[in-house]
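The values are calculated or read from the model by the stated rules, or taken from the named source; none is laboratory data. Being a predicted model, the structure only gives us computed values, none of them experimental. Don't worry about glycine lacking a Cβ; one is built from the backbone with ideal geometry, like all the others, and counts go over all protein chains shown. Areas reflect the complete protein model, heavy atoms only, side chains present, ligands, DNA and RNA absent. Shrake-Rupley method; radii C 1.70, N 1.55, O 1.52, S 1.80 Å.
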Amino acid sequence: MAWQIQCTASSPPASPPPFTPKCLPPRSLFFTLSATSSSRFCPPHMPSLRSVTCSLSAVESPTSTAGLDDSKTPLLEVKGLTAVIAETKQEILKGVNLVVHQGEIHAIMGKNGSGKSTFSKVLVGHPDYEVTGGSVVFKGENLLDMEPEERSLAGLFMSFQAPIEIPGVNNIDFLHMAYNARRKKLGEPELGPLEFYAYIYPKLDLVNMKTDFLNRNVNEGFSGGERKRNEILQLAVLGADLAILDEIDSGLDIDALRDVAKAVNGLLTPKNSVLMITHYRRLLEVIKPTCIHIMEDGRIIKTGDSSLAKVLEEKGYTSISAE
Amino acid sequence: MTTAEKSRKKHYKENTARERMISFCGELERWEPRPYPCRCFVLCFRPLCPLANSEFASPSPLRKSTAQPWCCLLRRAAGLSRSSMAALAFTHQNFLQFTPKLTPSKPKLKPKRTKTKLSIQTIPTSPQASFTDQFVLQLADSLEDSLPSSSSLPLQKLRDNSSETLVSTQWPSRKDESFRFTDTSFIKNSDIKPISRPPESLAFLDVSSDAQFKSFDFVDGFLVDSSFDSSNFPDGVYVGSLLKLSSEGILKRVCEFLGDFEWGDLFWSVNGLGAPDVTVVYVPEGCRVENPIYLKYISVEGGDGGSKKMPVSNPRVFVLVEKGGEVGIVEEFVGKEGSECYWTNSVLEVVVGEGGKVRHSYVQRQSLSAAHIKWTSVRQESTSTYELVEVSTGGKLSRHNVHVQQVGSDTVTELTTFHLSVGDQTQDLHSRIILDHPRGYSQQLHKCIVAHSSGQAVFDGNVKVNRYAQQTDAGQLTRSLLLEPRATVNVKPNLQIIADDVKCSHGAAISDLEDSQLFYFQARGIDLETARKALVFSFGAEVIDRLPYAFVQKQAKDHVKELLESTGKGSS
Ligand SMILES: Nc1ncnc2c1ncn2[C@@H]1O[C@H](COP(=O)(O)OP(=O)(O)OP(=O)(O)O)[C@@H](O)[C@H]1O
Ligand SMILES: [Mg+2]
């Protein structure tokens, strides 16, 4: 609970930019900074019971990268989040609680239509949804107050379950724009096209993508697997403190899954975290989660360690929702 | 089909299905991005049209569209003359009008309008000599006086015919169907002055030309001799003045076609009377010309923005590609810096012989105070190909009339056009593709952006699939992007199908930028304004990318970017 104390005892608001999003190897110092700004934006609060469960299982888990419990820094704290579809006002999220600490890997599983994608889209500020209650604190700041691009610049990245096509916009131009937006935010000079090409070129290997994908329009005519790789390429180029990967594994062949998992693992540091949504244990075997959450009808109904995936695979969701 | 083509096709299909669709046959509608509900309906002549029976929902809370799918099959007995066909069109209108199903969504359809329609369709174009228009007579006189009489027979014949037609033609008014949304009074109210000679000094011509290809320069409608350089072309190719054409053979061929066109309007005739010369591009049988023929039209004489003075130039080019020949034509229209108020009234005639191919690039970036009227008339013999890519951004009033006439089977026609209005501008495309023979393929994509509250875009795209044009594959799609509250677009895509074994699709979409696409940018940290700019630009880039020559493409891209930047209307 060290973070809570820091939160209250933080320095005055005359602070440098509240965060330093990471896009290059140099690490951001968001730990201190986030503690600073959290004093302005969020009152201290108790972590939910569920997050405690999660922390416990994280300790037990051999794959845990987080250190001792009291040294953990929360990266994302979601409390009682409710959201509706903007157009119809139909409620999809019905009180989601979740805490992700630095360096942790979380997985969300759950039946089709249980609200997993909605949850991740709400986190990045998708206009299709309206938040009706609850709070989301990311690196100590109120995420819900931020524009989608600010959330991205703050270090939140979501790879879409179904990335859309943008006809007429070149893939490399798109990446270039996004990367320069990030550099601008960091106060660094923007890169020219050639410098950017030099920067991005090695990243292509990471996701095993051919150069000509750069000159095609964003996702236009891409196969399902190619779109997913393209999302991971964006993640590799932009970096993130928290990467939300929505079904990054569906539609991937076995080799592609290995490539993507390798890329994601390669991007992990002790400080950044992953929240992945998946239906399959396959992915969880290559990217080992700290804990697994089960979502049902807009809520997280169970949290456990990676053994939960095995139970699920053997007995199905009924065994869990019955509890 | 190449993959690119396939993906393009697929993309159209998806767009066609996904977008808010507004399709019209024969009915011109006015659309403005106002916060009141728009009505739209879908009307197809074919029962198998993909648009029929589809629901189109509008994601925008601003404009809820209620789509009223409608379908009717137009079957007819053979052997109807043109006028009876018009009668059929009339019946069709009636049919529409009195169909109760349609009434709730289209209460505005009044019989009055139908009548206007009928008169237009029955009288193909040839103006009736009811009474003369004094203004037009004066204009004709001044055009005649501005030029020395010509010793060239074909040119003199062209002038005589044009003059004869002009006497009985009226200046178009908003009552004329084809000028219903295009106000030409701006030209009429100016002090029109035919330009009788090219400027003395041509020092401004960019001799060092960084362009990869040397241009043939037209200054105020006159082809500049010094810009001649035919040596790069294969034997038998002629590019130059009709007056200086020495080959009897070519002259004879040119005379067969020159000015032979029944669909022209007043502006066509004004050009015929006012053209100082005809520039001939002749490609002999089986000859493939590698480098494009780059025609650059520069307006030098012209008043400043506020002046009433309006010098008019009438450049005219005639392209004849014999059997199996291939050529690329690049037309670029610009104004010299400082010259703002002028009128370019240009005509291009193209004849593509059997199996021949013409790639036509047309870039219009006149001054924003200029008037620009252009005719492109194309005659396609069997198995020939004609591809047009147009990017028009200039002119206070800019109108392109395209007429493609199929005179043999198995032709390929592609029209891809992009219009941009960043100011108080009207951009107008009137196109007509007439298919009279079997197995023709025609694809048309028209896109326009209106980025100014008093800007306007007009599109009237007619595709006629006549009785013998069986197994025609014709598609037409128009998409418009309105970026300002009062920006206006008037679209009338219309497919008239009489043959019964054809594959046709058409559609029109008027949209704002897509929220989901904007969000994708934002989700990657790009702010809304930058995202909007990129998307607006990419909307036009789809067309610009199809310009077949890199140097033309780059110029057009830079220019469009600059215009969008200058207004800042990429964002708002
Ligand atoms: N924009 C929307 N419009 C209408 N319904 C929506 C929208 N977004 C989500 N829903 C509905 O909300 C529910 C949750 O959808 P969501 O995509 O979050 O499910 P999911 O858990 O990601 O499912 P899957 O495992 O199939 O990806 C579904 O019933 C879905 O139909
Ligand atoms: Mg999902």
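Taking residue A:187 and the conditions (1) more than 13 Å from chain B (Cβ to nearest Cβ); (2) closer than 17 Å to residue A:262 by Cβ, which numbered condition does it fall short on, given that it satisfies the others?
Just one mismatch for residue A:187, condition (2).
Among residues belonging to region A:116-149 that are β-branched (Val, Ile, Thr) and more than 9 Å from chain B (Cβ to nearest Cβ), point out the one that is farthest from residue A:160 (Cα to Cα).
Residues of region A:116-149 β-branched (Val, Ile, Thr): A:118, A:122, A:124, A:131-132, A:136-137.
With the extra rule that they be more than 9 Å from chain B (Cβ to nearest Cβ), the set shrinks to A:118, A:122, A:131-132, A:136-137.
Working: A:118: 11, A:122: 12, A:131: 19, A:132: 23, A:136: 20, A:137: 21 Å.
Ranking the qualifying residues of region A:116-149, first place goes to A:132.
Looking only at region A:226-238, which residues are of a type outside the set (Asp, Glu) and either more than 13 Å from residue A:163 (Cα to Cα) or more than 16 Å from ligand 2 (Cβ to nearest atom) (or both)?
First, pick out the residues of region A:226-238 that are of a type outside the set (Asp, Glu): A:227-230, A:232-238.
Listed by number, the residues that qualify are A:229, A:230, A:232, A:233, A:234, A:235, A:236, A:237, A:238.
Check residue A:152 against each of (1) modelled with pLDDT of 95 or more; (2) within 11 Å of chain B (Cβ to nearest Cβ); (3) within 16 Å of ligand 2 (Cβ to nearest atom) and name the one condition it does not meet.
Unmet for residue A:152, out of (1) modelled with pLDDT of 95 or more; (2) within 11 Å of chain B (Cβ to nearest Cβ); (3) within 16 Å of ligand 2 (Cβ to nearest atom): (3).
Look at region A:75-97 and say how many of its residues are crowded, with 24+ Cβ neighbours inside 10 Å and within 16 Å of ligand 2 (Cβ to nearest atom).
Here the count works out to 3.
Please find, within region A:125-169, the residue that is nearest to ligand 1 (Cβ to nearest atom) out of those that are assigned to a loop (DSSP other than H, G, I, E, B) and of a type in the set (Asp, Glu). Even if it seems obvious, please write down each step before you answer.
First, pick out the residues of region A:125-169 that are assigned to a loop (DSSP other than H, G, I, E, B): A:125-128, A:139-140, A:146-147, A:154-155, A:160-165.
In the following step, the residues that additionally are of a type in the set (Asp, Glu) were identified as A:128, A:147, A:165.
Values: A:128: 4, A:147: 20, A:165: 18 Å.
Here the answer is A:128.
Test residue B:480 against the criterion of being of a type outside the set (Lys, Arg), at pLDDT 95 or above, assigned to a strand (DSSP E or B) and not assigned by the TED database to the domain that holds residue B:564, and give yes or no.
In short, no.
Quick one: is residue B:298 part of a strand (DSSP E or B), at negative phi and without any contact (Cβ under 8 Å) to a residue 60 or more places away in the chain?
no
Could you list, in sequence order, all residues of region A:226-238 that are more than 11 Å from chain B (Cβ to nearest Cβ), within 16 Å of ligand 1 (Cβ to nearest atom) and within 17 Å of the chain's Cα centre (by Cα)?
The answer is A:228, and nothing else.
Which of (1) within 14 Å of chain B (Cβ to nearest Cβ); (2) outside any helix (DSSP H, G or I); (3) of a type outside the set (Asp, Glu) is the odd one out, the single condition residue A:172 does not satisfy?
If we test residue A:172 against (1) within 14 Å of chain B (Cβ to nearest Cβ); (2) outside any helix (DSSP H, G or I); (3) of a type outside the set (Asp, Glu), just (2) comes out false.
One line per residue, one yes/no per condition, for (1) away from ligand 2 (no atom under 16 Å from the Cβ); (2) within 14 Å of chain B (Cβ to nearest Cβ); (3) among the polar types (S, T, N, Q):
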| site | (1), (2), (3) |
| --- | --- |
| A:156 | yes, yes, no |
| A:224 | no, no, no |
| A:240 | yes, yes, no |
| A:250 | no, no, yes |
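So which residues in region A:100-123 are open to solvent by 10 Å² or more (accessible area, probe 1.4 Å), part of a loop (DSSP other than H, G, I, E, B) and more than 10 Å from ligand 2 (Cβ to nearest atom)?
Once the filter is applied, which keeps residues that are open to solvent by 10 Å² or more (accessible area, probe 1.4 Å), part of a loop (DSSP other than H, G, I, E, B) and more than 10 Å from ligand 2 (Cβ to nearest atom), region A:100-123 yields A:102, A:111.
Got a sec? Which of A:226, A:220, A:231 is over 22 Å from residue A:282 (Cα atoms), of a type in the set (Asp, Glu) and not assigned by TED's automatic domain parsing to the domain that holds residue A:287?
Residue meeting the stated conditions: A:220.
Considering only residues of region B:497-527 that are open to solvent by 40 Å² or more (accessible area, probe 1.4 Å) and away from chain A (no Cβ under 14 Å), which is nearest to residue A:155 (Cα to Cα)?
Per the stated criteria, the residue is B:505.
Per-residue answers, yes or no, for (1) open to solvent by 10 Å² or more (accessible area, probe 1.4 Å); (2) outside the structural domain of residue B:554 (by the TED database); (3) of a type in the set (Val, Ile, Thr):
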{"site": "B:275", "(1), (2), (3)": "no, yes, no"}
{"site": "B:287", "(1), (2), (3)": "yes, yes, no"}
{"site": "B:290", "(1), (2), (3)": "yes, yes, no"}
{"site": "B:296", "(1), (2), (3)": "yes, yes, no"}
{"site": "B:311", "(1), (2), (3)": "no, yes, no"}
{"site": "B:319", "(1), (2), (3)": "no, yes, yes"}
{"site": "B:336", "(1), (2), (3)": "yes, yes, no"}
{"site": "B:340", "(1), (2), (3)": "yes, yes, no"}
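I'd like the full set of residues that are over 21 Å from residue A:178 (Cα atoms), of a type outside the set (Gly, Ala, Ser) and either open to solvent by 40 Å² or more (accessible area, probe 1.4 Å) or at pLDDT below 95 (or both), limited to region A:124-137.
Selection gives A:128, A:129, A:130, A:131, A:132.
Tell me, which strands (runs of 3 or more DSSP E) lie completely within region A:255-313 with 2 or more residues that are farther than 25 Å from residue A:154 by Cα and open to solvent by 10 Å² or more (accessible area, probe 1.4 Å)?
Filter on region A:255-313 gives A:299-304.
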